[in-house]
Amino acid sequence: MHIIRFVLVISCLVLWTPVQAQNTSVPHPKEVFGFTPGDDYKLANYTQIVSYLRQLAQASDRVHIREIGKSVLGRPLLLLTISSEANLRELDRWRDISEQMARARIDDEQA
């Protein structure tokens, strides 16, 4: 549940950045959920959050969504990447660099 709330908060913060002013087709959470996140006694459920994240990815060229697996309930686990268009075009490159740094191994040729 904490992960869902974290994803929701991050999604809301993205909408309140200057980037939002550049792209008016990005849906506001209230349009999708029917209430403003943070309203008393109102929580978005998993289905609503996934729907919203997919709409964000579809509406903005700065958002990339990818399914990275399934939960124990068989629901999709999503990875949402928010970045510039240039960075998203090179996402595989950044992923490779991150993986290489995480493993902290290089061969003699790379050294």
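The values are calculated or read from the model by the stated rules, or taken from the named source; none is laboratory data. Source: prediction; values computed, not measured. Reconstructed Cβ throughout: ideal geometry from the backbone, glycine too, with neighbour counts over all protein chains shown.
Taking every residue in the stretch 62-74 that is surrounded by 12 or more Cβ atoms within 10 Å (Cβ to Cβ) and pairing it with any residue that is in a loop (DSSP other than H, G, I, E, B) and of a type outside the set (Phe, Trp, Tyr), at least 6 positions away or on another chain, the pairs with Cβ-Cβ distances below 7 Å are ARG62/SER83; ARG62/SER84. When the criteria are applied in full, ALA86 meets the requirement of being more than 16 Å from the chain's Cα centre (by Cα) and within 27 Å of SER25 (Cα to Cα). Within the stretch 57-80, being touching a Ser or Thr at 6+ places or on another chain (Cβ under 8 Å) and not in a strand (DSSP E or B) holds for ALA59, SER60, ARG62. From the list ALA86, ALA111, the one residue that fits, being among the hydrophobic types (A, V, I, L, M, F, W, C) and at pLDDT 90 or above, is ALA86. Here the condition is being assigned to a loop (DSSP other than H, G, I, E, B) and acidic (Asp, Glu); of ASP40, ASP92, it holds for ASP40 alone.
Scan GLY34, GLY74, GLY38, GLY69 and give me the residue that is at positive phi and under 18 Å from the mean Cα position of the chain (by Cα). Sole residue among the options that is at positive phi and under 18 Å from the mean Cα position of the chain (by Cα): GLY69.
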